[in-house]
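Okay, so here's the structure we're looking at.
Coordinate-derived values only; no laboratory data. Everything numeric here is computed off the predicted structure, so don't read it as measured data. Cβ coordinates were reconstructed from backbone atoms using ideal geometry, including for glycine residues, and neighbour counts include every protein chain displayed.
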Amino acid sequence: MTWTWFHRLASPPHIYGLAGRLTPWFAWPAALLVIAGLWGGLVLAPPDYQQGDGFRIIYVHAPSAWMSLMVYTTMAVAAAVGLIWRMKVAHAVAASCAPIGASFTVAALVTGSLWGQPMWGTYWQWDPRLTSELILLFLYLGYMGLRAGFDDVQRADRASAVLAIVGVVNVPIIHYSVTWWNSLHQAPSVMQLGKPKMPLSMLTPLLIMLLGFTLLFVALLLVRLRAEVLNRERAANWIREAVSA
Amino acid sequence: MRPADQVLASVPTATALGAAPVSGAAAARLALLRDLKLAFRKRGQLVQPLAFFALVTLIFPLSISPELARLREVAPGALWAGALLASLLALEFLFRDDAYDGTLEQYALSGQSLTALLFAKTVAHWLLTGLPLALMAPFAALSLGAPGTAVPGIVASIAVGSVALSLIGSIGAALTLGVKRSGALLALLTLPLSLPVLIFGARATELAISGASIVAPLELLAAIAVLGVTLAPLAAAAAVRISLE
């Protein structure tokens, strides 16, 4: 088996062109799936027998929360690849992930808090999942802050890669300690979605939204990656050719 | 010899570590002793985190209430917030001076394991800040209305927890070595990763004050400390090498 396709991924001009060509293949399906999922979730799915129409925010909240973790994992894996094989493109992927992941985290926090108002009667509850989501946001902010602290891109890459890997080891510890802390201080939260089996008409739109958000992340990542590569390689000749062509 | 030269001659220097064929354990021991000696020649700096801890403790009666019954309720949180912030403050001194005068560079070039040398430095840091904090915490706790029977539990929880705090902090301190004005960034990186220690530590202190067994949270603190011993020096060494490039 030949590995040239893999080695070519490490080449900035190749990845710049590839990311540009792949973007529509992810962006359009993402748009269609999100529209279909929203239609299914907001219009077709029946209201919840307890929460009425209020539960429908789950169609944005759950995929955002899911993506906030998935983007962090992607970022840490890309950072590790960059650190181990000294692959500049992998570092560019990790750097591009951080703002997207932070945005998904903010979306999950905001929708969770809006959901909390009708369900718990308060915008903020020190619920374990909201709390660990908030800590995750600080992990993203720390990663971006560390990157911004260095003038030299390569040092920023390698230092932030170490931080991303340390963070990924810590995320489960933080999650379980927060759950444990919370179970001592207050009764378990009201919400156990999924435990009483969701009917298919509610579940299908959720799965469609999950897939749509995943594709949306890939599309956003490809766009950001192109910008990141452009910025890093701005002195290179191929950029001049690519821009003037 | 001037007194200052005698001081320098009595301190095992980094070049001495590399020149003589010393074993890894001996090198680590020398690095530990060097840090302790240097610290005791700058006693003013040693006292700063302790004074800071005492001041944080003072804030709570002034801002909440002088009633001991109310203070007893917030005592675990007050003690741990103080300990966490004081240990964070002390982290600034962990690697900074050695990075400025080139000692870390000599450590990296010495042929000894940088991981072991940094672990020794972190142990010295704990002996100089974590342990004194643990010994001072009972006075703060008693002043906040904790009963005398809680003293062993409080000392144990802060002693074990501060091991974990020093180790987690060593990663943050090493990562921010190349960053100018790193104080706020260091807090942003270190605090989210330290939250599990805070949760279990405050829980242990709370149980100690109420007279219950603190074994469960103390074991969890010890588990985090052990995990820190195995992984944190590796990450710190990787971060120091990046800062030296």
Legend entry - Set of aspartates and glutamates with alpha-carbon distance to B:K121 below 16 Å, sequence-local pairs under 8 removed: B:D35, B:E92, B:D97, B:D98, B:D101, B:E105
Legend entry - Estimated [θ] at 222 nm from DSSP helical runs (n ≥ 4, -39500 (n - 2.57)) normalised by residues in the protein assembly as shown, nearest 500: -27500 deg cm²/dmol
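Would you mind giving the mean number of other chain beta-carbons within 10 Å of the Cβ of each residue in A:160-169, as a whole number?
5
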Inset, instruction - Largest first and in whole Å, give the semi-axes of segment A:1-101's equivalent ellipsoid, each being the square root of 5 times a Cα gyration tensor eigenvalue. - result: 37, 17, 10
Legend entry - Simple label model, 7 Å out from Cα along Cβ direction - B:E67 to A:R234, nm: 6.1
Legend entry - Euclidean distance of C-alpha centroids, segment A:59-94 and segment B:135-190, integer Å: 31
Inset, instruction - Compute the longest continuous run of chain A that contains no exposed trypsin sites (Lys or Arg not before Pro); treat a site as exposed when its DSSP state is not H, G, I, E or B and it has at most 11 other Cβ atoms within 10 Å. - result: A:1-196
Inset, instruction - Return an integer: the convex hull volume of the alpha-carbon atoms of segment A:118-160, in Å³ per residue. - result: 77
Legend entry - Tail fraction, Cα-Cα pairs, chain A, threshold 35 Å, whole percent: 23
Inset, instruction - Whole number please: convex hull volume per residue, Cα atoms of chain B, in Å³. - result: 128
Legend entry - Ratio Rg/Rh [Cα only; Rh per Kirkwood] for the protein assembly as shown: 1.03
Legend entry - For the protein assembly as shown, with +1 on Lys and Arg beta carbons and -1 on Asp and Glu, the positive-most of B:V74, A:A236, B:L175 along the dipole: A:A236
Inset, instruction - Ratio to report: Rg/Rh of segment A:46-156, with Cα atoms as the point set and Rh obtained by the Kirkwood method; give two decimals. - result: 1.11
Legend entry - Estimated distance in nm for a label pair at B:R181 and B:K37, the labels positioned 7 Å out from Cα along Cα-to-Cβ: 3.8
Inset, instruction - Could you name the aspartates and glutamates whose alpha carbon sits less than 15 Å from that of A:K88, not counting residues in the same chain fewer than 8 places away? - result: A:D152, A:D157, A:E228, A:E233
Inset, instruction - Report, in cubic angstrom per residue, the convex hull volume of the C-alpha atoms of segment B:23-82. - result: 98
Legend entry - Rounded to the nearest 20 debye, dipole of the protein assembly as shown from Cβ charges on Lys, Arg, Asp, Glu: 680
Inset, instruction - Rank B:A28, B:L234, B:L193 by how far each Cα sits towards the positive end of the charge dipole of chain B (+1 on Lys, Arg Cβ; -1 on Asp, Glu Cβ) and give me just the farthest. - result: B:A28
Legend entry - Percent of C-alpha pairs per 5 Å bin, segment B:124-231, short to long: 2, 13, 21, 21, 18, 12, 7, 3, 1, 0
